[in-house]
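First up is the structure itself, then whatever we jot down about it.
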Amino acid sequence: MLGAFVLGSVSEALVERSACPVLIVRGEGWGAAPTVLVGIGPEDSPERLGDAVLRLPLHQGSQILAVAVTDGDGGDQDERLAAHLTAHSPGLTVDSRSLSGHVADELVETASAISADLIVTGARARHGVRARLGLGSVSRVVVWRAKCSVLVVRSSS
């Protein structure tokens, strides 16, 4: 773990520094109708994440699960994301779920439980020491721990 923390990786560097979305493909990617988990946080834009998903080559029969992980205060980000996806691509099967817990852990565990082919998550710009060390980044942890492909969508700020 210390080696990964100190040395980093090309994927991690791209995720942390790229202004555009970064797709890390594991294995052979996915078939015509993948299962996609979209993790949305309280500061993420449902439209921005939804639009990134809609640009993927998804076909009728693809399953999308919008997941909001909260600290117990609820919120409707998952439902707003699901509504956006449904409104703009009626051929996709979209569901939503709100979970409580550590965001990265919940996303990786839920992706594994549903055999997701792809996790889509947002990322915010970081500044100062935290930016240099990459501490606390949900997208970083998801990239390192997920067994499936990961699309990281940087926020516009």
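Only one of Val129, Val108, Val138, Val94 is at pLDDT below 90 and surrounded by 14 or more Cβ atoms within 10 Å (Cβ to Cβ). Can you tell me which? Steps first, please.
On the way: Val129 fails: surrounded by 14 or more Cβ atoms within 10 Å (Cβ to Cβ); Val108 fails: at pLDDT below 90; Val94 fails: at pLDDT below 90.
Result of the check over Val129, Val108, Val138, Val94: Val138.
Could you look through the stretch 111-126, keep only residues that are surrounded by fewer than 16 Cβ atoms within 10 Å (Cβ to Cβ) and under 14 Å from the mean Cα position of the chain (by Cα), and pick out the one that is modelled with the lowest pLDDT?
This residue is Arg124.
What pairs can you find where one residue is in the stretch 23-39 and of a type in the set (D, E, K, R), the other is in a strand (DSSP E or B), and their Cβ atoms are less than 8 Å apart, with a gap of 6+ or different chains?
The qualifying pairs are Arg26/Ser149; Arg26/Val150.
Note down all Cβ pairs under 9 Å where the first residue falls in the stretch 96-109 and is without any contact (Cβ under 8 Å) to a residue 60 or more places away in the chain and on the phi > 0 side of the Ramachandran plot, the second is charged (D, E, K, R) and part of a helix (DSSP H, G or I), and they're at least six residues apart or on different chains.
These pairs meet every condition: Gly101/Glu109.
Could you list, in sequence order, the residues of the stretch 8-63 that are more than 14 Å from the chain's Cα centre (by Cα), surrounded by 12 or more Cβ atoms within 10 Å (Cβ to Cβ), over 22 Å from Asp105 (Cα atoms) and among the aliphatic types (A, V, I, L, M)?
Across the stretch 8-63, the qualifying residues are Ala33, Leu58.
Looking at the stretch 53-95, which of its residues are more than 17 Å from Gly39 (Cβ to Cβ), among the β-branched types (Val, Ile, Thr) and touching a residue at least 24 places away in the same chain (Cβ under 8 Å)?
Residue satisfying the conditions is Thr93 alone.
Given the options Gly41, Gly74, name the one that is at pLDDT below 80 and more than 16 Å from Ser149 (Cα to Cα). Lay out the reasoning, then the answer.
Working: Gly41 fails: at pLDDT below 80.
Only one candidate qualifies: Gly74.
Tell me the residue from Val53, Val69 that is modelled with pLDDT under 90, among the hydrophobic types (A, V, I, L, M, F, W, C) and within 26 Å of Ser100 (Cα to Cα), please.
Numbers: Val53 fails: modelled with pLDDT under 90.
Just a single option satisfies the conditions, and that option is Val69.
All but one of (1) within 12 Å of the chain's Cα centre (by Cα); (2) at pLDDT below 85 hold for Cys148; which doesn't?
(2)
The values are calculated or read from the model by the stated rules, or taken from the named source; none is laboratory data. Remember, it's a predicted structure, so these values are computed and weren't measured experimentally. For neighbour counting, all protein chains shown are included, and Cβ atoms are generated from backbone atoms with ideal geometry for every residue, glycine included.
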